[in-house]
Amino acid sequence: MIDLEQIRELLKLMSEHDLGEIKIRQGDTAIALRKGGVHEPIVYATPHVTPVAGGPMGTPAPGAPPPEPAKDEGLLPIPSPMVGTVYLAPEPEAPSFVSVGREVDPSTPVCVIEAMKVFNEIRAEVSGTIERILVQNEQAVEFGQPLMLVRPKS
């Protein structure tokens, strides 16, 4: 079920921050808002989103570091399913959910992302070993931004 109040809040955030598009996924529901004209948003939602492991992540943002060299070849990204603030530990003094070298499976929690004052647990959704953590605690993240890289089980 789509929460109309949440859509209103997202539209307000888009206007306040002059954003052209917002995409959010919670569970099996995805919401994407995109401005259609100068000030007219287009709203569409899908009931289920299936992430594609290892697929293209889009073009890098201006000023973003260049893509990693071949050492990351074969690694699967764990992408952010929403815009928000990432937390790598469940509490400020607690150990991180995962660290480099840790084995994960699809149900392993790897971080939480706070979006609109809601904390969303993010799971690995792949099996393998954490090779790189690409974000820092309390960093703002974008939809689809790689959070971590996983070497899949062979």
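Looking at (1) under 22 Å from Lys23 (Cα atoms); (2) at pLDDT 80 or above; (3) loosely packed, with under 13 Cβ neighbours inside 10 Å, which is the one condition that is false for His48?
Here His48 meets the rest and fails (2).
What number of residues within the stretch 120-139 satisfy the criterion of being surrounded by 13 or more Cβ atoms within 10 Å (Cβ to Cβ), assigned to a strand (DSSP E or B) and on the phi < 0 side of the Ramachandran plot?
Qualifying residue count for the region: 8.
The values are calculated or read from the model by the stated rules, or taken from the named source; none is laboratory data. All of these numbers come straight from a predicted model, not from anything done at the bench. Cβ coordinates were reconstructed from backbone atoms using ideal geometry, including for glycine residues, and neighbour counts include every protein chain displayed.
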